[in-house]
Every structure is written in C-alpha cells, then in structure tokens.
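These notes are about the structure you will find just below.
The values are calculated or read from the model by the stated rules, or taken from the named source; none is laboratory data. Since the model is a prediction, treat every value here as computed from it, not as a measurement. Positions of Cβ are generated from backbone atoms using ideal geometry, with glycine treated the same way; all protein chains shown enter the neighbour counts.
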Amino acid sequence: MQARRKPGTASFFRYALLSLLAMVMIAPIGWIAISSLRPPEEIFLHSPQLSWRTFVPEKIIWSNYEMLLASDFPQAVLNTAFVAFVTVVLGILICSAAGFAFAVFDFPFKNALFVVVIITFIMPFESIVVPLYIMVRGLNWNDTYFALIMPEVASGFIIFLFRQFFVKVSRELFEAARVDGASWWRIYWDVALPLSWPTVVAGALMMFIHQWDAFFWPLVAATSQDLTMVQVAIARYQQFEQADFGRLFAAMTVASLLAILPFMALQRYYIRTIIDSGFK
Amino acid sequence: MPIEPWACDMKINPAYYFLAPAVVGLTVFKLIPISVAIVGSFYGTSLMGESVFRGIDNYRSILSDPDLLSSLGITLLFNLIANPLQVVLSLAVALLVFRPGPLIGLFRSVLFLPVTLSLVLTALIWNLLFDPFLGPVNAILEAVGIGRQGFFKDETQALGSMVWLATWRGVGYWMLFMLAGLYAIPESLHEAARIDGASWWQRFCHVTLPLMRRPIAFVLVAATAINMLFFAPVYIITAGGPNGATDFVMFRIYQTAFNYIDLGRALAMSTIMLLVVLIVALVELRLLRSED
C-alpha cells in the first residue's frame, strides 16, 4: 500500500479547524443566551472590556423572561405557531399530492409544468413582495391570517422533494394496490403518503422554520398589533428608542431555541432528504 | 413500466385532481404576482391617485438615476465577494465533515446551527456583537492588539460586515448540498487514484472537483438568487448607511414601495432585479459548463 500522510497530524488539523469553526458558530448564540440571564444594566457592563465576566454573569436572574412573558411576545409566539402549524398541514397535503402526481402519472405538458414548479422556487420571494401585497390588499386579506398562510402553502421546493421521493418508489407497489381495486386517492393516502414519512418530516420542518423565520412578508402584510409575528416583534423591540435589552435578549434566546430545538430533534430526516433528493 | 394502461380507466386524468391545489396555489401566489409586477412596472399613479400608463418611463428614469445605479453596484459587489466565498467555504467545510469520525455528526449539526436562525436574529446578534462601543468582538480585538473596529458603523467596513453575516449563516446550508455531491462520488474512483499514487491535492483536483461541478453550480446559482435580494439585515442594522455604503437594491425597492408609495417604480425595479438575477445565474451556469 501507498505511504500516506500520518493520520495523526491530518486528524489533528481536521479537529482543530472544526473546533474553531464550531466556536465561531456557537459563541454568538451562546453569548446572547448567557446575557439574557443577566440583569439589564449588567448586559453591556462587561462586554466592552474583555474579562472572564464578559462570558460569565455575576448572578443569574430570570426576570427578563418574566418581563417577556408579561409583554406581547407570548401572543406573537402563538400567532406564529398557529400560522406555521396551518401552513405545514395544508402545505404537506398539497405538495405531497402534487409530487405524487409528477412521479406517478403521465399527462400532457408534464415536463413544462414541472419546469414552472422549479422556476417558482428559484424565483426569490422578495421579488414578488410588492405585487403580492397589491393582490392581497385587493382581496381584503391584509391583516388576516389568510395573508400570512396562503401564499406559503404551495411550495415549489417541497413539491420537488416529494417528487424526488416518489419517483424512487417501485411502481409495482402502486400497481399491486391498483389491481386490488384501490382508488388513486386510497393509494396516495394509505400507501404513498405513509411511505414518504421522512420527506413529510423534512418538509414539515422546512415549512415550519420558514414561517417561524418569516419577516419581510409579515412586516408588510400584517401590520396590526394582534397579528404580530415573532421576528417582527423582535425587530420592533430593538427599534425602541430606549431599547429594553433584557427583554430583547430574552426574546432572541426564545426565538432561537424554538427554531433550533425542532431542528436538532429532526435534523436526520432533513439532511437525508436533501442528500437523497439528487443534488448531485 | 408505462403508466397509461392503468391511467385510462378514468375520464379525467387523475393527475389533475392531485395537482389542482398546488397549481392553483402557485398560480395565484407566484405566477400572477410576477405577471402583475411586469405589467405594473409600465404604470404609475397620477396626482389624482389614478393608475396611468407610463410606458417605459419608469425604466428610463430608474436607469438614469445615479442613486439606483450605485445601489446596483453595491449589490453586485456584495455578490461578487459573498457568492464565491460561500461556495469555497461550504465545499471546504463539507470536505471536513464528509469522512466519518468521532463527533463528526455533532460538528455537522453545530455548523448547521446558524441556518436555523432567522435573518432577523442573525442581523440583531451580529449588530450587538459588532457594536463599536459595547460589542464583545471589539473587546476581543482590543485584547489581542488589533484594535477596535467600526464594522457596521464604518463606511468602509459595513459592506464587508454584511458579507461576514451572510456567510456565517449561509455556509452550513450550502454545506448540505456539497455533502450530497460528495456522497455521490463513487469511492472506487478515490481508491483507484490512491493506488496510482495521487496525492490528496491531486485527487481533489482530478477526481473530486470535476465531479462536483453540478452541486457547485447549484450552490452558486442559489446563493446568487438569495444574495442579490439581500434585505432584512440592511433594514435592521444599517438602513442603507453609513453614507449609503449598504444601500442594497432590495432596500431601495422597499423604501420606494412602502415609504414613497411609488408602486410602479418599485415594480419596475423588482422586474429589473429579477432579470439581473436570471442573467447572472445563466452566466454562472455557462461559465461552469465551459470550464472543461
């Protein structure tokens, strides 16, 4: 066999680099989370001058979170959770059905239609915000949950992921069910959809995070206080003249954790689905 | 196996039932808005508040507006730095976590962590960390002797700070697509090259890189589509400043539409940006294809 570079050195550099990168990725979030446990007047007390106090609070308090609970933030979390939940349920149904159709049936203009689907997910959302806003206002939907949910339900990317999954399922499986007299609806609902659960999990996670992170659209389409979404609420906390940093840091920590935790729990399916979908 | 024999037993192709909701959704919320944008870009609002046809006047006035052209220049410069940087770093990081090893799964998750943060949170976090007076990054820079920096508050550093922010959040995401590409390379090719005595660098240049062209192209084009319309951090951190250093086109479009309420002009700008994204993406694809 060929003499290779000593695995020890290579491995050391690999882990040293990875540790450095991991620090750069984690430290910012960690600093926010730690600072959220400090009294508001202490948050920036130790940050201008480097000392161990920059990273370790003098004492840990929860009052920032108590204040957050008493503010409009819980309402924003509930709004966003509701919007995300409805988007995920409708979106998974609609997109899996469309992905199923693209994978299993032949019909006129199939390829042309699929190209249109791809174009809609390459087309950045920002480029249609203004016309979408005009339309939604025309429908009298501005400042309603409809405005926040409906535009996000049909997603070209999720349709694409389901199509990639169903294409790989052996057609004999669907055929067998067909011979047994099952309707297409039954085959989709009882065979195809349960089979695709890793894609369902990954797609649901993507749609959830997408709505949880939504900012530009809620900023223009739902301006009323009752409909405030999480990201808009946080951006607003920061803009107050006398920013309440205790509340801001607590809100940022909660918003980060609520996006990070579901991802950490379900990331296997997310990563698998992207890797299996054929970006090669 | 062809599908026709079992698809014929219904009058209407069952595909249409399954497709209908998604097609309606995509048509109403994607295709119609984009058509409205293109049509609306030829209209304007009269002093009486009525919609009037302006022809190409919106475009003519935009393209001769030096402020807009400088915005376009800033946006293009940002892309010229951020996109190749994100491609190279995401490929490098993917190579680091590709081979199995102890804790590699954990590192992969950690590198992906910033992706789950919204752009709003990313912007707020880095705005605080980079604060010239209160930010801990400056405390660290001062302690190691580099000295304090202005970052987002400094005209010459603001754009670079935006590149850092976008890259910090983007690399983990693009890493997944690079990993997908790396997994698709047959191990036997590496093995054969190794037996031929190829070094790591030779194997990277002659085995990995040529077979990674598609994921690299995908990441480059997708990053372009996102970074050309970079918005939230500008809105939150700099509002286009200091002194116009981060006056991205998307921020200008937002201001034109929602502060100056000139929708026709904003739509014309959106249409131009969509065209610019398409053209840049096509050029990138062409360049990557003709490299062999």
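Residues that are more than 11 Å from chain B (Cβ to nearest Cβ) and of a type in the set (D, E, K, R) do occur in region A:59-67, at least one of them.
Per the conditions (1) at pLDDT 85 or above; (2) within 10 Å of chain A (Cβ to nearest Cβ); (3) under 30 Å from B:F152 (Cα atoms), the sole criterion not satisfied by B:I32 is (3). Of the residues making up region A:92-115, those that are more than 7 Å from chain B (Cβ to nearest Cβ) and closer than 13 Å to A:F160 by Cα are A:I92, A:S96, A:G99, A:F102, A:A103, A:N111, A:L113, A:F114, A:V115. Condition check: more than 7 Å from every other protein chain (Cβ to nearest Cβ) and either closer than 21 Å to A:I209 by Cα or under 26 Å from the mean Cα position of the chain (by Cα) (or both). Does A:G138 satisfy that? So A:G138 does not fit the description; no.
Among the listed residues A:T253, A:T199, identify the single one that is surrounded by fewer than 23 Cβ atoms within 10 Å (Cβ to Cβ) and of a type in the set (S, T, N, Q).
Values: A:T199 fails: surrounded by fewer than 23 Cβ atoms within 10 Å (Cβ to Cβ).
Only one candidate qualifies: A:T253.
A:A265 falls short of the stated requirement of being in contact with a Leu (Cβ under 6 Å, 6 or more places away or on another chain), more than 10 Å from chain B (Cβ to nearest Cβ) and of a type outside the set (K, R). Out of A:A70, A:A22, A:A16, which single residue is closer than 21 Å to B:W168 by Cα and surrounded by fewer than 12 Cβ atoms within 10 Å (Cβ to Cβ)? Matching residue, one of A:A70, A:A22, A:A16: A:A16. Restricting attention to region A:11-50, the residues that are under 21 Å from B:E142 (Cβ atoms), of a type in the set (V, I, T) and without any contact (Cβ under 8 Å) to a residue 12 or more places away in the chain add up to 1.
Okay, residues lined up against (1) of a type in the set (V, I, T); (2) surrounded by 14 or more Cβ atoms within 10 Å (Cβ to Cβ); (3) within 20 Å of the chain's Cα centre (by Cα):
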position: A:Q49; (1), (2), (3): no, no, no
position: A:F55; (1), (2), (3): no, yes, no
position: A:W62; (1), (2), (3): no, no, no
position: A:L78; (1), (2), (3): no, no, yes
position: A:L90; (1), (2), (3): no, yes, yes
position: A:A97; (1), (2), (3): no, yes, no
position: A:A101; (1), (2), (3): no, yes, no
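Name the single residue that is nearest to B:P132 (Cα to Cα) among those in region B:155-193 being assigned to a helix (DSSP H, G or I) and among the hydroxyl-bearing types (S, T, Y).
To start, the set of residues in region B:155-193 that are assigned to a helix (DSSP H, G or I) comprises B:158-183, B:187-193.
This time we only want the ones that are among the hydroxyl-bearing types (S, T, Y), so: B:161, B:167, B:173, B:183, B:188.
Details: B:S161: 12, B:T167: 21, B:Y173: 29, B:Y183: 43, B:S188: 52 Å.
Out of the qualifying residues, it is B:S161.
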